[in-house]
Amino acid sequence: MSARILIVEDDAPLRALLQERLAAEGYTVEAVATGEEALQALEARPPDLVVLDLMLPGMDGLEVCRRLRARHPAVYVLMLTARSSELDRVVGLEVGADDYVTKPFSLNELVARVRAGLRRLQLDRETAEEAPLEFDGLRIDPVRRQVWRDGQPVHLTVREFELLLFLARHPDRPFTRLQLLREVWGIDYPGYARTVDSHIQRLRAKIEPTPGTPRYIRTVWGVGYKFQSSEEP
């Protein structure tokens, strides 16, 4: 079953463009123009993800987000706004938005954010009852989203944790940089491949006993990276 997306955008041409593009990606898409219509649609059938414009006529996006969160905490909210100040972003996130895109934006960027958001939802559903993963002193708890090395907590960013968890869930299997971009970042563009390298380096610095000779995250020359399940001779 395809994911359900609700678009809340008062700009009619943009609303139609977003609906057409997301439908072309295989999603089931509903589009409305006002906050009041959005709340009615949410009550009729809650979507998996909402693309929510901040500057709506009447009830604005912040109020829609507050009410949505009170009744549907599991829905992923991607907020759109023409504002770009840090304060506006912080306010949007504090009322419950999961991600934030500033206009103008490319459709490819928006689709990538939507994919990443839906992947996060799927990950949350899969990890609701998942037991911690343990590998020779490294413990990864998918539910609490926490990591320990030799009993000591390791503080990772959201993306570092998602990258580590993805690799650890597929031990001993090599992945290319592009595969990791698709699975962890939701991005298909090879130009971002070096982003994977920088995250791998930071992860190694945090979890590896000796980052220069990694125990867990190994380089597979000519391919990419893999998570090594057990110590090799």
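The values are calculated or read from the model by the stated rules, or taken from the named source; none is laboratory data. Not measured: the values here are computed from a predicted model. Positions of Cβ are backbone-derived with ideal geometry, glycine not excepted, and every protein chain shown enters the neighbour counts. Note: accessible area is taken over every heavy atom of the protein model, side chains too, but ligands, DNA and RNA are not part of it. Shrake-Rupley method; radii C 1.70, N 1.55, O 1.52, S 1.80 Å.
Enumerate the pairs (first residue in the stretch 1-28 and more than 13 Å from V114 (Cβ to Cβ); second residue anywhere and assigned to a helix (DSSP H, G or I) and open to solvent by less than 40 Å² (accessible area, probe 1.4 Å)) with beta-carbon separation below 8 Å, excluding pairs fewer than 6 apart on the same chain, so at least 6 apart or on different chains.
V8/G35; V8/A38; V8/G61; V8/V64; E9/L18
Residue by residue, here is whether (1) part of a loop (DSSP other than H, G, I, E, B); (2) surrounded by 16 or more Cβ atoms within 10 Å (Cβ to Cβ); (3) of a type in the set (D, E) holds:
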{"position": "V143", "(1), (2), (3)": "yes, no, no"}
{"position": "P153", "(1), (2), (3)": "no, no, no"}
{"position": "L156", "(1), (2), (3)": "yes, yes, no"}
{"position": "R159", "(1), (2), (3)": "no, no, no"}
{"position": "A168", "(1), (2), (3)": "no, yes, no"}
{"position": "S198", "(1), (2), (3)": "no, no, no"}
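Just checking, does the stretch 95-118 include any residue being closer than 26 Å to W221 by Cβ, at pLDDT 85 or above and open to solvent by 70 Å² or more (accessible area, probe 1.4 Å)? I'd like the intermediate steps shown before the answer.
First pass over the stretch 95-118, keeping only residues closer than 26 Å to W221 by Cβ: none.
Within the stretch 95-118, none of the residues are closer than 26 Å to W221 by Cβ, at pLDDT 85 or above and open to solvent by 70 Å² or more (accessible area, probe 1.4 Å).
Among residues belonging to the stretch 200-221 that are charged (D, E, K, R) and not in a loop (DSSP other than H, G, I, E, B), point out the one that is surrounded by the most Cβ atoms within 10 Å (Cβ to Cβ). Walk me through how you get there before you give the answer.
Taking the stretch 200-221 and keeping what is charged (D, E, K, R), we get 202, 204, 206, 208, 215, 218.
Those left that are additionally not in a loop (DSSP other than H, G, I, E, B): 202, 204, 206, 218.
Working: R202: 16, R204: 18, K206: 16, R218: 16.
Out of the qualifying residues, it is R204.
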